[in-house]
1. Equivalent-ellipsoid semi-axes (√(5λ), Cα gyration tensor) for the stretch 224-270, whole Å, largest first?
2. How much of the DSSP beta bridge set in the chain is antiparallel, as a percent to the nearest 5?
3. Would you list the membrane-span-like helices of the chain, meaning whole DSSP H runs whose alpha-carbon atoms span at least 15 Å along their axis and whose mean Kyte-Doolittle value is at least 0.0?
4. For the chain, how big is the tail of P(r) above 24 Å, as a whole percent of Cα pairs?
5. What does the C-alpha gyration tensor say about the overall shape of the stretch 299-340? Classify as rounded when a/c is under 1.5, otherwise prolate if a/b is larger than b/c, or oblate.
6. Could you tell me the distance between the Cα centroids of the stretch 177-209 and the stretch 118-157, to the nearest Å?
7. Among Thr332, Thr41, what is the fewest-to-most ranking by other Cβ atoms within 10 Å?
8. Evaluated at 20 °C with a viscosity of 1.002 mPa s, what Stokes-Einstein diffusion coefficient in µm²/s does the stretch 196-334 have when Rh comes from the Kirkwood expression over alpha-carbon pairs?
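Values quoted throughout were computed directly from the atomic coordinates according to the rules given, and no laboratory measurement underlies them. Please read these numbers as outputs of a predicted model, since none were measured by experiment. Here the Cβ positions follow ideal geometry from the backbone for every residue, glycine too, while neighbour counts run over all protein chains shown.
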Amino acid sequence: MINLSNKISNLIEQARLQIVRNVNHIMVCTYYEVGKLIVQTIQEGEKRAEYGKNILKEVSLDLTSLYGKGFSVDNLENMRNFYLLYNYKFENSETLSRISEFQNSETVSRNYIKDSNSYLSWSHYLILMRIADIKERNFYEIESSQNQWSVRELKRQFNSGLFERLALSRSKDKLESLSNNGLIIESPEDLIKEPLILEFLGLSEKAAYSESDLETAIINEIEKFMLELGKGFFFGGRQVRFSFDEDHYFVDLVFYNRLLHCFVLIDLKIGKLKHQDIGQMQMYVNYYDRYVKLPDENPTVGIIICKDKSEAMVEITLPQNCNQIFAQKYQTVLPSKEQLKHLIDNN
């Protein structure tokens, strides 16, 4: 009976989620059409800014009297901007025709699932519309939809400068791919973004903390940490022990990435990276490659997360063309987006 109850509960929860998503989707489509009507009406009238403002004021009063909150002049202006920013994309999709199909819920449901952007709500688009750079806006739109980011997570990723941090780790041609396709994980290098932003750990409020403090804080916020790491991660354990020659060794954090089909080992360093740290990670990676990973799995990846590093020291310590071991800096406060953009321009 319990098993049956669980199955019914899961079915109901899925139905509720689908209803919410359908409502959000129809709302987005409707607001797009409202924006389109506003633009067309103003364009066909006088070409003065004051004329447009007066129209929006009158429409706002009419709609508020009919439907209550939600149709202020500012909100109508947002709908107008939504149409102006997204008409190149929406007009060439099946999205808009679905409003007229809404009476046939089965059709809408099927089409809804096929729409890659159907997850995004109006609140998502209100944030996206504030992003001036179209490449950056496209990237966050794709990532929000593919990863089903909440509005809060979208804000967090934008404020942490995810697009800029990924751009700093990639060539100019791959930057174009971020805008068109989002983040595609095809090789270990695709996991790297610098710096990692760990403001959610709350360590910036401490004058000093140990590597154990850092590890514990990460475990306490493991879901947020995996979101920051990127796509496809599963947590395997902390202080995972392996032994040989009667000596015991401990990997700080072990993950598995299902997109790369490999183990990802993480070592935490709160100071400047030393060449001995790289040698230690090399040993960890070699052990996992020889004794842990299965024959059909890809080579193990090792990432050393450190407060500071010398690029020259890392390069000279690692073998040439090494694509298994990486060193990433982290910081415990949100970066300035202006500073990140400046680094991109001068990269």
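1. 23, 13, 7
2. Of all bridge pairs located within the chain, approximately 50 percent are antiparallel.
3. 2-44
4. Of all Cα-Cα distances in the chain, 66 percent exceed 24 Å.
5. prolate
6. A separation of 17 Å, based on Cα centres.
7. The fewest-first ordering by Cβ neighbours comes to Thr41, Thr332.
8. 137 µm²/s
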